[in-house]
Amino acid sequence: MAAIERRIIHVLSNNVVMTKLSSGKNSIVFGKGIGFKKQPGMNVVEKEISQEFFLHTMETIEHYEQILNNVDTRIVGITEEVIAMAQQRLEGEFSETIHAALVDHINFAIERCRRGVLITNPFAYEIRLMYKEEYEAAAEAVNYLNQKLDAKFPDDEISFLAMHFHGARNRERGTETLAVVRLVAKVMDEAKVMGLQFNDSFSSIRFISHLKGLIDRIRKEAHIKNPLLQKIKIEYPQSYNYSLTLSRLLEEQLKKPVPDDEIGFLTLHIERLNQREQL
């Protein structure tokens, strides 16, 4: 069987090139020095490749080509290096759509910084707790971007990148990820009105993690049985009433019912938060 050849289409940086494979596919290839003194038309030596992302659909390829025609190649190359760094840290193969989407985002973010226009992320706190691994990868990415592009991205940019990484990792559209973040934030705001407090404690992180999973189960109508439901109602009446209020909010937003068993599990997480505040 003949070895697959990779012909360079674009040199994006010393470490990143876009290639056309002899099989007909397109890919973005990473390797230390893989693009150094290279020109389009040259072949890539397979042993120099450390990572490779395939662009499977014509729509993705055309979108990426549009980005290349409108964005400084240096920004494209460094953004691709950031994607490679994040992919190494995070489990699961990234969606091919992240390449054009993140280059586009970072290009506009740089333009905003140059004009002195700073955009805050109102959900930065929730994102940091909901997507801890992605947030840590994004913090590393922003630091790298600031160094390589001589930029001064604000800390809020970390949460924006974390959402991109989460969406690519879970093959979600950005709007889907943002919808979950917004709903979690709305539920937390209602919980704060009832007197609950959130911080970086394990109880807060567990509550937000449970809430994220609960939203997913409600959407999919895939619920779990709670054999302790009646005992929970009796032992934690205040937390159960709080759980009922938050569950009604979820029902209004998702247009689907929250089963009693799920209300019971949410009660336990609320009770943990209450007990922590009383310590």
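Beta carbons closer than 6 Å, at least 6 apart along the sequence or on distinct chains, pair a first residue in the stretch 174-201 that is among the aliphatic types (A, V, I, L, M) with a second that is open to solvent by 50 Å² or more (accessible area, probe 1.4 Å) and assigned to a helix (DSSP H, G or I) for L183/Q253.
For A151, the test of being over 19 Å from the mean Cα position of the chain (by Cα), open to solvent by less than 40 Å² (accessible area, probe 1.4 Å) and under 26 Å from G77 (Cα atoms) is passed.
Which ones in the stretch 202-224 are of a type in the set (A, V, I, L, M, F, W, C) and either open to solvent by 30 Å² or more (accessible area, probe 1.4 Å) or free of Cβ contacts under 8 Å to residues at least 12 places away in the same chain (or both)?
Within the stretch 202-224, F202, I205, A222, I224 meet the criteria.
Okay, residues lined up against (1) part of a loop (DSSP other than H, G, I, E, B); (2) more than 30 Å from K132 (Cα to Cα); (3) not acidic (D, E):
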| position | (1), (2), (3) |
| --- | --- |
| K20 | no, yes, yes |
| G41 | yes, yes, yes |
| E81 | no, no, no |
| A86 | no, no, yes |
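For the stretch 225-276, filtering for residues that are among the aliphatic types (A, V, I, L, M), open to solvent by 80 Å² or more (accessible area, probe 1.4 Å) and not in a helix (DSSP H, G or I) leaves 1.
Please go through the stretch 54-101 and give me each residue that is open to solvent by 20 Å² or more (accessible area, probe 1.4 Å) and touching a Phe, Trp or Tyr at 6+ places or on another chain (Cβ under 8 Å), ordered by number. Within the stretch 54-101, E81, M85, Q87, E96 meet the criteria.
Regarding the stretch 155-167, can at least one residue be identified that is open to solvent by 50 Å² or more (accessible area, probe 1.4 Å) and among the aliphatic types (A, V, I, L, M)? Checking the stretch 155-167: not a single residue is open to solvent by 50 Å² or more (accessible area, probe 1.4 Å) and among the aliphatic types (A, V, I, L, M). Residue count for the stretch 20-29 under the criterion of being within 15 Å of T73 (Cα to Cα) and either among the hydroxyl-bearing types (S, T, Y) or open to solvent by 10 Å² or more (accessible area, probe 1.4 Å) (or both): the result is 0.
The values are calculated or read from the model by the stated rules, or taken from the named source; none is laboratory data. Since this is a predicted model, take the numbers as computed values, not measurements. FYI the Cβ positions are ideal-geometry reconstructions off the backbone, even for glycines, and counts take in every protein chain you see. Note: areas computed on protein heavy atoms with side chains; ligands, DNA, RNA excluded. Shrake-Rupley method; radii C 1.70, N 1.55, O 1.52, S 1.80 Å.
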